[in-house]
Amino acid sequence: MLDLKFIRANIDLVRQAITNKNEKADLDALLEADEARRSLQHDFDTLKARQNKVSQEIAKAKKAGEDAGEMLAEMAEVAEQIKEINANLSQANARLEEQQLRVPNVPHPSVPVGFNEEANRVVREWGAKREFSFEPLDHLELAEKNGLLDLPRGAKLSGSGFPVYTGAGAALERGLINFMLDMHIRDHGYTEVAVPILVNRKSMTGTGQLPKLEEDMYHIDQDDLFLIPTAEVPVTNLHAEEILKPDQLPLKYVAYTPCFRREAGSYGKDTRGLQRLHQFNKVEMVRFVEPEASYTALDEMLGEAEAILRALGLHYRVLELCTGDLSFASAKTYDIEVWAPGTGKYLEVSSVSNFEDFQARRAGIRKKDPQGKPYFVHTLNGSGLATPRLFIALLESCQTPSGGFELPDALKGHLPPGMGLTP
RNA sequence: GGAGAGGUGACCGAGCUGGCUGAAGGUGCACGCCUGCUAAGCGUGUGUGGGUCUAAAGCCCACCGAGGGUUCGAAUCCCUCCCUCUCCGCCA
């Protein structure tokens, strides 16, 4: 959420941001609602002041045994007016909030303007596409050969996009999660948290998934709870409505959670195997930092996500997303795409974003400056990493001519022995 | 799910026979004073958001879990919901 004062003072900038991000927020409606609200608020305050004052006089008069009939009559009327204005004010506030929640974050000036992935900039590449002396199989064929997945049975249980991992496949999935968690905890200084994967509406609004993405999420009607699309939601909201202690920043959390996405409207796109799922596992890093430190933190987190792929020896490239590809809440985002030689594509395994104070303002995450004035902190998050596409790239990259695998040493200690995958 | 108790400022805790309570008292914290050091002591200050104002000060409005209601006036009375604790039931 943007500061109303900021919006008022930077209307053109915000309008441009909406356009560049392909959003549909109605700034005029917002400004109008703001105007109405402020006018009503003023009337309300004036009447309230009058009421408070006279009410005290009534109390005094009664105490002195004087007649307060005239004042009472006036106040009956004032109370009536207040009630009416208050009703209008509530409406105006609701209307304003509705508009305000739909205004996206403003992209950082360094973000390339563009409306599709062609405008994304490749920042760097690491490693090289692996060359094979044989025709590499894709992950589905490899999984089949080695009994790592049972997608048909997943579909039987829940529908397509709900994978079943079997045997060594399940062990590898679990091993990858542990490997990544351990690395972020041990090498990158994160604190692990295990959080709910069902959250309420307020949390979803705090990080910016709501109101825009309601259709993309699984919702439990009975309790009005949502299955999280990313651990970003519960982890960032950990400190919602808090004023952090002076020495509390930076905060660095890492969490493993399953993630759920309805992927409404993307049927038939990249659906082969594990490429696009309704349920998947992800290790997510979240940081709360001082405003002036957030872009340094963004670079660090990107490096921490990359470190996973480097440790696994997987070729990848880093993309700087253009305005049109930025998420609603993000000011700047890097994507990491890993090379999957069997599939023959780069697959997105990580997204690292700086939200600046956008989420903090929505969720009420603040800290006090030395003078004691509260300000909003900056929040960031980054996948580190999402497993399905990592699983794909790993299998396809590490396959041997016989259809087996030679997995990287880094996974030693994270795979149970005798699973056919041990390096 | 049933019965009961309760949700007040950073924390503890009064207020809850409606008005002078944004909220006593204490702790903590900050600054100042005092003090061989430490400890103790004294003084002052110490919520958030909005508005008014060139700015500060000042003044005004809102907020005592959330939302409604009663009333001229509610932290205080009534209703609904949420949460916490205790007991019972049920179940991984």
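All of the numbers you see were taken from the coordinates with simple rules; none came from a lab. None of the values given here were measured: they were computed from a predicted structure. Ideal geometry is used to build each Cβ from the backbone, glycine not excepted, and the neighbour counts take in all protein chains shown.
What ratio of Cα Rg to 2.2 N^0.38 Å holds for the stretch A:117-412?
So the Cα radius of gyration is 1.01 times the expected 2.2 N^0.38 Å.
Would you mind giving the average projected area, over all directions, of the Cα convex hull of the stretch A:309-405 in nm² with one decimal?
Quarter of the Cα hull surface area: 8.3 nm².
Please list, or write none, the aspartates and glutamates whose alpha carbon is within less than 18 Å of the alpha carbon of A:Lys83, excluding same-chain residues fewer than 8 places away.
Within reach: A:Asp43, A:Asp45, A:Glu74.
At a Förster distance of 30 Å, what's the computed FRET efficiency of A:Arg121 paired with A:Ala264, Cβ-Cβ distance as r, to 0.05?
0.55
May I ask for the angle, rounded to the nearest 10°, between helix A:11-20 and the longest principal axis of chain A, with both axes built from Cα atoms and the value confined to 0 to 90°?
30 degrees
From the phi angles alone, apply the Karplus equation (6.51, -1.76, 1.60; θ = phi - 60°) to the stretch A:309-320 and give each ³J(HN,Hα) in whole Hz, x where the residue is Gly or Pro.
The phi angles translate into 5, 5, 4, 8, x, 9, 5, 8, 9, 10, 10, 9 Hz.
Under 5 Å between amide H atoms, partner at least 5 residues away or on a different chain: which partners does A:Phe405 have, H built in plane at 1.01 Å?
A:Thr400
Using θ = phi - 60° and the Karplus curve 6.51 cos²θ - 1.76 cosθ + 1.60, what whole-Hz ³J(HN,Hα) does each residue of the stretch A:255-261 get, with Gly and Pro shown as x?
Each residue's phi maps through the Karplus curve to give 9, 9, 8, x, 10, 10, 9 Hz.
Give me A:Met183, A:Met1 sorted ascending by neighbouring Cβ count inside 10 Å, so fewest comes first.
Arranged by neighbour count, lowest to highest, A:Met183, A:Met1 become A:Met183, A:Met1.
Tell me, A:Lys345, A:Lys245 in order of fewest to most beta-carbon neighbours within 10 Å?
By the 10 Å Cβ count, ascending, the order reads A:Lys245, A:Lys345.
For the cross-link pairs A:Lys145/A:Lys252; A:Lys48/A:Lys367; A:Lys332/A:Lys368, which exceed 29 Å when the distance is taken from alpha carbon to alpha carbon?
Table pairs above 29 Å Cα-Cα are A:Lys145/A:Lys252; A:Lys48/A:Lys367.
Counting each DSSP H run of 4 or more residues in chain A as -39500 (n - 2.57), what helix-only mean residue ellipticity at 222 nm follows after dividing by all residues, to the nearest 500 deg cm²/dmol?
That calculation yields -12500 deg cm²/dmol at 222 nm.
Calculate one ³J(HN,Hα) per residue across the stretch A:215-224 by plugging θ = phi - 60° into the Karplus curve 6.51 cos²θ - 1.76 cosθ + 1.60, and present them in order as whole Hz with x for glycine and proline.
Each residue's phi maps through the Karplus curve to give 6, 8, 10, 7, 10, 9, 4, 4, 10, 6 Hz.
Quick one: plug the Kirkwood hydrodynamic radius of the stretch A:4-100 (C-alpha pairs) into Stokes-Einstein at 4 °C, 1.567 mPa s, and report D in µm²/s.
Diffusion coefficient, whole number: 81 µm²/s.
Based on the alpha-carbon set only, what is the convex hull volume of the stretch A:1-48 divided per residue, in Å³?
Per residue, the Cα convex hull of the stretch A:1-48 comes to 74 Å³.
Thinking of the stretch A:130-279 as a set of Cα atoms, what percent of all their pairs are more than 18 Å apart?
Here the long-distance tail beyond 18 Å is 68 percent of all Cα pairs in the stretch A:130-279.
Just want to confirm a number: the relative contact order over the stretch A:210-261, from Cα pairs under 8 angstrom separated by 6+ residues, in percent.
45 percent
If I take R0 = 60 Å and measure r between the Cβ atoms of A:Glu35 and A:Asp221 in this structure, what FRET efficiency does the formula 1/(1 + (r/R0)^6) give, to the nearest 0.05?
The calculated FRET efficiency here is 0.95.
For the stretch A:341-373 and the stretch A:278-331, write down the distance between their C-alpha centroids in whole Å.
Using only Cα atoms to place each centre, the spacing works out to 9 Å.
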